[in-house]
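The values are calculated or read from the model by the stated rules, or taken from the named source; none is laboratory data. This one's a predicted model, so the numbers in the text were calculated from it and none came from an experiment. Counting neighbours? That spans all protein chains shown, and the Cβs are built from the backbone with ideal geometry, glycine included. In case anyone asks, the SASA skips ligands and DNA or RNA and just uses the protein heavy atoms, side chains included. Shrake-Rupley method; radii C 1.70, N 1.55, O 1.52, S 1.80 Å.
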Amino acid sequence: MKVVDAGHDVIQKRERKKSRAFDAKAFLNSSGMARKTVEYRRSEKIYSQGEPATSVMYIQKGGVKLSVVSELGKEAIVALLGPGDFLGEGCLTGLPFRTGTATAITPSTILVIEKNEMIRILHKEHEFSDRFISYMLSRNIRVEEDLLDQLFNSVEKRLARTLLLLARYGKQDQPQRILPKISQEALAEMIGTTRSRVNVFLNKFKKQGFIHTNGGLHINSSLLSVVLHD
């Protein structure tokens with residue numbers, strides 16, 4: 001007779017379940033979810049400020065710039081997003097209109113999920129719901145860090161941090177290292193300085209070996225030393 005330790009068996013099953021990390025990307029790409037895939041060219045608008053907010057989007061490939069235009073017509077870049085990021089999630093909170101404009105900064109592939117379908121999946125699929133909530137909390141922390149960065153850090157540190165974030169430093173997947181084409185003017189807007197100051201520090205980083213520009217802007221992880229340096 002084989003004696004089975006039921007408690008031990010349950011623990012083993014739990015551990016096996018934990019070891020199989022929920023793959024949000026695979027889930028969103030599955031055929032069981034009502035969504036459509038849209039391809040966008042570089043500089044093509046995905047949605048515009050003031051348009052009806054009816055869907056959540058997930059970036060499969062490429063990069064997206066989120067910007068806001070004031071009543072006086074001044075544009076501010078508020079975020080640059082990459083593969084694995086969501087956008088347009090404000091519709092889930094009841095916002096009737098887009099509060100900003102989303103523009104592809106490289107050729108991009110976007111999954112478009114209608115608001116009602118997203119709500120249904122969040123209620124039905126608890127693992128996906130947990131991952132989405134974790135993502136939104138991380139985004140909220142990022143916004144707070146951006147604010148502190150603007151208030152307390154030098155231009156040099158702010159630029160270094162922004163370049164590392166754009167290179168997806170610290171993500172579970174490999175950092176992309178080569179940044180999508182982005183102008184010095186856009187970087188200046190993001191960190192609250194002038195294009196000339198950005199140019200000065202980019203040249204400094206290049207001389208120090210933290211970045212190089214052969215075939216695009218390559219970011220070395222050693223750039224982190226600028227952020228950590230007091």
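Out of all the residues in the range 110-123, is one or more at pLDDT 90 or above and under 15 Å from the mean Cα position of the chain (by Cα)?
Among the residues of the range 110-123, at least one is at pLDDT 90 or above and under 15 Å from the mean Cα position of the chain (by Cα), which makes the answer yes.
Which of the numbered conditions does ASP23 fail, given that it passes all the others? Conditions: (1) open to solvent by 20 Å² or more (accessible area, probe 1.4 Å); (2) at pLDDT 90 or above.
Tallying (1) open to solvent by 20 Å² or more (accessible area, probe 1.4 Å); (2) at pLDDT 90 or above, ASP23 fails exactly one: (2).
Would you tally the residues in the range 114-133 being of a type in the set (D, E, K, R), farther than 16 Å from THR93 by Cβ, in contact (Cβ under 8 Å) with a residue 40 or more places away in the chain and in a helix (DSSP H, G or I)?
The qualifying residues number 4.
Write out, first by first residue and then by second, each pair whose Cβ atoms fall under 9 Å of each other, whose residues are 6+ apart or on separate chains, and whose first residue, in the range 149-160, is within 19 Å of LYS204 (Cβ to Cβ) while the second is surrounded by 15 or more Cβ atoms within 10 Å (Cβ to Cβ) and of a type in the set (S, T, N, Q).
Taking only residues 6 or more apart or on different chains, the pairs are ASP149/THR162; VAL155/THR193; ARG158/THR193; LEU159/THR193.
Of (1) at pLDDT 90 or above; (2) under 24 Å from THR193 (Cα atoms); (3) open to solvent by 80 Å² or more (accessible area, probe 1.4 Å), ALA102 satisfies all except one. Which?
So the condition that ALA102 fails would be (3).
Here is a list: PHE128, PHE86, PHE132. Which entry is of a type in the set (Phe, Trp, Tyr), surrounded by fewer than 19 Cβ atoms within 10 Å (Cβ to Cβ) and either touching a helix residue (DSSP H, G or I) at 6+ places or on another chain (Cβ under 7 Å) or at pLDDT below 90 (or both)?
Answer to the check: PHE128.
When you scan the range 185-198, do you find a residue that is modelled with pLDDT under 90, of a type in the set (D, E, K, R) and more than 16 Å from VAL78 (Cβ to Cβ), even just one?
No, the conditions are met nowhere in the range 185-198.
Conditions (1) of a type outside the set (A, V, I, L, M, F, W, C); (2) open to solvent by 40 Å² or more (accessible area, probe 1.4 Å); (3) part of a helix (DSSP H, G or I), marked per residue:
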position	(1), (2), (3)
LEU147	no, yes, yes
ALA186	no, no, yes
SER196	yes, yes, yes
SER222	yes, yes, yes
SER225	yes, yes, yes
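Just to be sure, is ALA167 in contact (Cβ under 8 Å) with a residue 60 or more places away in the chain, surrounded by 13 or more Cβ atoms within 10 Å (Cβ to Cβ) and under 21 Å from GLY63 (Cα atoms)?
no
Just need a number here: residues in the range 22-79 that are hydroxyl-bearing (Ser, Thr, Tyr), in contact (Cβ under 8 Å) with a residue 60 or more places away in the chain and outside any strand (DSSP E or B).
2
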